[in-house]
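Okay, structure first, notes after.
The values are calculated or read from the model by the stated rules, or taken from the named source; none is laboratory data. The shown structure was predicted, so the numbers you read here are calculated from the model rather than taken from an experiment. Note: ideal-geometry Cβ built from the backbone for every residue, glycine included; neighbour counts use all protein chains shown.
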Amino acid sequence: MKEGDVVLVPLPQADGRIKNRPAIVLRAMPPFGDLLICGVSTQLHQQVARFDELIEPSHADFNASGIKAASLIRLGFLAVLPAASFLGVIGSISAERHHRLVERLANHIRTTTA
C-alpha cells in the first residue's frame, strides 16, 4: 500500500461498532510504517467546509478511486493502523488530490486557535 491508495479497512463507528470502510492512505508513520488514513463517507451532509473534500463521478480521478458513489474524504476521521489490518486496495486518488489533502491537514494542525 502506498500514499494515495484507497483501501478497505475495519474502522470503529460512532456507535462503537466496527465496519469495513474505504479510507485514503495519507502517510506512512515512523517507526514501524503504520499508515495514517482518513475515512471516506457517503454522508455528504456531514461535510466540514474547507476541510473535508468531495469526490464525485465528474472528477477525473473518481473512476480510478474504486469509490462507488459521491463521497466525502473526511480529514477529521483519522486513524493510524498497521498494514496487516487492511483488507486490500480498491483504487487510488490523484497525486494532486493527495497533496491537497495532506496540505490541508498539515495547515489545520499548524494553525493556532488560541
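Descriptive notes on the structure:
- Candidate set: the range 48-93, residues that are within 11 Å of the chain's Cα centre (by Cα) and part of a loop (DSSP other than H, G, I, E, B); chosen: the one farthest from ASP34 (Cα to Cα): ASP52
- Residues of the range 37-74 satisfying the condition of being at positive phi and either touching a Pro at 6+ places or on another chain (Cβ under 6 Å) or small (Gly, Ala, Ser) (or both): GLY66
- Number of the condition not met by LEU36 [criteria: (1) modelled with pLDDT of 95 or more; (2) over 13 Å from the mean Cα position of the chain (by Cα); (3) under 26 Å from ILE109 (Cα atoms); (4) not hydroxyl-bearing (Ser, Thr, Tyr)]: (2)
- Subset of the range 63-72 (residues that are under 16 Å from VAL25 (Cα atoms) and of a type in the set (A, V, I, L, M, F, W, C)): ALA64, ILE67, LEU72
- For LYS2, the criteria (1) more than 11 Å from the chain's Cα centre (by Cα); (2) in a loop (DSSP other than H, G, I, E, B); (3) surrounded by 14 or more Cβ atoms within 10 Å (Cβ to Cβ) hold in every case but one, which is (3).
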